[in-house]
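Asks: This is the structure I want to talk about, given as structure tokens.
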């Protein structure tokens, strides 16, 4: 019996020595797998948090850009509203001590270099020239009116009075009117001075139809911003000008007594906080000859897409097109069938459709295009 008990004790001791290390090894492997799974879970949570932080940082950057654009736009609109509501400061119009009128004075220089292979010696070719120096004058007349004038000087042309007009902000229904000699608010390029264009010269279609430097005519126009219950901002302009074209223009006749009527509708929409689009429609009616009919019809469309990069930088794409339908005086002629028909005496039914200008540009900062 003693030997039998000894054998049982030895057997149990050997079983413990065999099974004990196996159970311990299984426990370590289980713990290792558990820790690996927990580490993987922690890594996934870390990656998710890192991605979320990156997205939030990107959103903060976008919101900062949008905030700067909104602050600039609000500042511009407030300044424009202040000029309309109170064009004269509390101190009254600018005057010198002795009572003489002292207007606001500014100057804009347009200096270009032109290199041309033409054999004919043209003014301004193959040299740097002061193409134009504009002297800009302006002053408030009373709390509701303002006078502006632009006089141009050049080293190749005689001095010229480009614009002089009175603007009144006090008409009923918040209508603003201009009276005098000015550039009509038609399309985009035609309403701007050459030094303000995104291109060096006027687009070819403007130079061909309306004049080498556009049109500066005496007349009157009326403009109003339409406050309608949707996000699109509208501005309507109606005007009347004396007849004729600018220098070298061919759209209308040379008779000043036959006026030119025009209208323009501008529509602006903010697509995003930093991107906006503007679409415009234009219609002009004028005369080509001595009769009183409006046989010249000009239709136009313009589009401008602007993206604000930050408070000082933007990218702009702009284009416009015009279509001209011009008829001379009609006369009755034999139609070859025993009757008569109306025909153009000068055989000058024609039209044209061309882009007036398409460009990408940005705001100039410290003289460097960005």
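The values are calculated or read from the model by the stated rules, or taken from the named source; none is laboratory data. Not measured: the values here are computed from a predicted model. As a convention, Cβ positions derive from the backbone with ideal geometry for all residues, glycine included, and neighbour counts pool all protein chains shown.
Asks: Which members of the range 222-249 meet the condition of being touching a residue at least 40 places away in the same chain (Cβ under 8 Å), surrounded by 15 or more Cβ atoms within 10 Å (Cβ to Cβ) and in a loop (DSSP other than H, G, I, E, B)?
Replies: Listed by number, the residues that qualify are 243, 249.
Asks: On to the next question. For residue 214, work out the one condition from (1) out of contact with any helix residue (DSSP H, G or I) (no Cβ under 6 Å at 6 or more places or on another chain); (2) at pLDDT below 90; (3) within 20 Å of residue 165 (Cα to Cα) it doesn't fulfil.
Replies: Single failed check for residue 214: (1).
Asks: Could you tell me which of the residues 49, 81 is exposed (fewer than 11 other Cβ atoms within 10 Å of the Cβ), assigned to a helix (DSSP H, G or I) and modelled with pLDDT under 85? Give the steps one after another, and end with the answer.
Replies: Numbers: 49 fails: modelled with pLDDT under 85.
Checking each option against the conditions leaves just 81.
Asks: I've got another one for you. Look at residue 311 and say whether it is outside any strand (DSSP E or B), touching a helix residue (DSSP H, G or I) at 6+ places or on another chain (Cβ under 8 Å) and modelled with pLDDT under 85.
Replies: Details: outside any strand (DSSP E or B): yes; touching a helix residue (DSSP H, G or I) at 6+ places or on another chain (Cβ under 8 Å): yes; modelled with pLDDT under 85: yes.
So residue 311 fits the description; yes.
Asks: For residue 119, work out the one condition from (1) exposed (fewer than 11 other Cβ atoms within 10 Å of the Cβ); (2) modelled with pLDDT of 65 or more it doesn't fulfil.
Replies: (2)
Asks: Among the residues of the range 152-175, are any assigned by TED's automatic domain parsing to the domain that holds residue 285, out of contact with any strand residue (DSSP E or B) (no Cβ under 9 Å at 6 or more places or on another chain) and farther than 23 Å from residue 77 by Cβ?
Replies: No, there is no match, as no residue in the range 152-175 is assigned by TED's automatic domain parsing to the domain that holds residue 285, out of contact with any strand residue (DSSP E or B) (no Cβ under 9 Å at 6 or more places or on another chain) and farther than 23 Å from residue 77 by Cβ.
Asks: Name, by its number, the condition in (1) part of a strand (DSSP E or B); (2) over 30 Å from residue 253 (Cβ atoms); (3) at pLDDT 50 or above that does not hold for residue 323.
Replies: The single condition residue 323 does not satisfy is (2).
Asks: Return yes when residue 199 is under 23 Å from the mean Cα position of the chain (by Cα) and modelled with pLDDT of 90 or more and no when it is not. Please lay out each step first, then the result.
Replies: On the way: under 23 Å from the mean Cα position of the chain (by Cα): yes; modelled with pLDDT of 90 or more: no.
In short, no.
Asks: Shifting gears a bit: Residues that are part of a loop (DSSP other than H, G, I, E, B), touching a helix residue (DSSP H, G or I) at 6+ places or on another chain (Cβ under 6 Å), assigned by TED's automatic domain parsing to the domain that holds residue 211 and surrounded by 15 or more Cβ atoms within 10 Å (Cβ to Cβ): does the range 251-265 have at least one? Spell out how you get there, then give the answer.
Replies: At the first step, the residues of the range 251-265 found to be part of a loop (DSSP other than H, G, I, E, B) are 251-259.
Narrowing further to those that are touching a helix residue (DSSP H, G or I) at 6+ places or on another chain (Cβ under 6 Å): 251.
Next cut, assigned by TED's automatic domain parsing to the domain that holds residue 211 only: 251.
Those left that are additionally surrounded by 15 or more Cβ atoms within 10 Å (Cβ to Cβ): 251.
Yes, the range 251-265 has at least one match.
Asks: Within the range 123-147, can you find the residues that are at pLDDT 80 or above and assigned to a loop (DSSP other than H, G, I, E, B)?
Replies: Scanning the range 123-147 gives 143, 144.
Asks: I would also like to ask the following. In the range 198-221, which residues are under 24 Å from residue 176 (Cβ atoms) and in a loop (DSSP other than H, G, I, E, B)? Working first, answer last.
Replies: Kept after step one, since they are under 24 Å from residue 176 (Cβ atoms), are these residues of the range 198-221: 210, 214-221.
Of everything in the range 198-221, those that are under 24 Å from residue 176 (Cβ atoms) and in a loop (DSSP other than H, G, I, E, B) turn out to be 210, 215, 216.
Asks: Could you figure out which of (1) free of Cβ contacts under 8 Å to residues at least 40 places away in the same chain; (2) in a strand (DSSP E or B); (3) under 15 Å from residue 109 (Cα atoms) isn't true of residue 150?
Replies: (1)
Asks: Within the range 200-209, is even one residue surrounded by fewer than 22 Cβ atoms within 10 Å (Cβ to Cβ) and free of Cβ contacts under 8 Å to residues at least 12 places away in the same chain?
Replies: Of the residues in the range 200-209, the ones surrounded by fewer than 22 Cβ atoms within 10 Å (Cβ to Cβ) are 200-201, 204, 207-208.
From the residues that got through so far, the ones that are free of Cβ contacts under 8 Å to residues at least 12 places away in the same chain too are 201.
Within the range 200-209, one or more residues are surrounded by fewer than 22 Cβ atoms within 10 Å (Cβ to Cβ) and free of Cβ contacts under 8 Å to residues at least 12 places away in the same chain.
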